[in-house]
Amino acid sequence: MQHTARGFALLLSMLALTALPATAQDSVEGTWVMTMSSPEVGTVESEFVFEQNGSEVTGTAELQLVDDVEISDGVYEDGVLSFLMHVSMEGQWFTVEMEADVDGDEMTGEAYVPEMGAGMPFTAKRQDG
């Protein structure tokens, strides 16, 4: 009986250790530098800092050419990150729908602005992964 309990404890320990790398890979938490290109403004780099609690994602962003940014409705599930970015430019607020496929420390996606009916592709790399 004691031998079985020790073996069970060892098995649980091994499972816990093997689960750690998968959990780290399944997270978008950290600092990301996003590169977005558009014909109107050229190439713009922005910094995002994401925090994650389960599938819920919150964060902050620093964008060039923008007065203020708020992030809401962030979700990361099955390798896909989506969130809304509320952006203030010259006194007007716009909502940008962000969605990206995440592969480790890199993501590729699209930023879609419903008010303009336009989407812009972007890429991002984690800086502290």
Among the numbered criteria (1) of a type in the set (A, V, I, L, M, F, W, C); (2) crowded, with 16+ Cβ neighbours inside 10 Å; (3) modelled with pLDDT of 95 or more, which one does V66 miss? (3)
Scanning region 86-112 for residues that are closer than 16 Å to T35 by Cα, surrounded by 14 or more Cβ atoms within 10 Å (Cβ to Cβ) and out of contact with any Phe, Trp or Tyr (no Cβ under 9 Å at 6 or more places or on another chain), the one modelled with the lowest pLDDT turns out to be Y112
Considering residues of region 36-63 that are of a type in the set (A, V, I, L, M, F, W, C) and at pLDDT below 90 only, the residue surrounded by the fewest Cβ atoms within 10 Å (Cβ to Cβ): V41
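The values are calculated or read from the model by the stated rules, or taken from the named source; none is laboratory data. These numbers come from a predicted model, not from an experiment. A quick note on method: Cβ atoms are made from the backbone with ideal geometry, for glycine too, and the neighbour counts reach across all protein chains shown.
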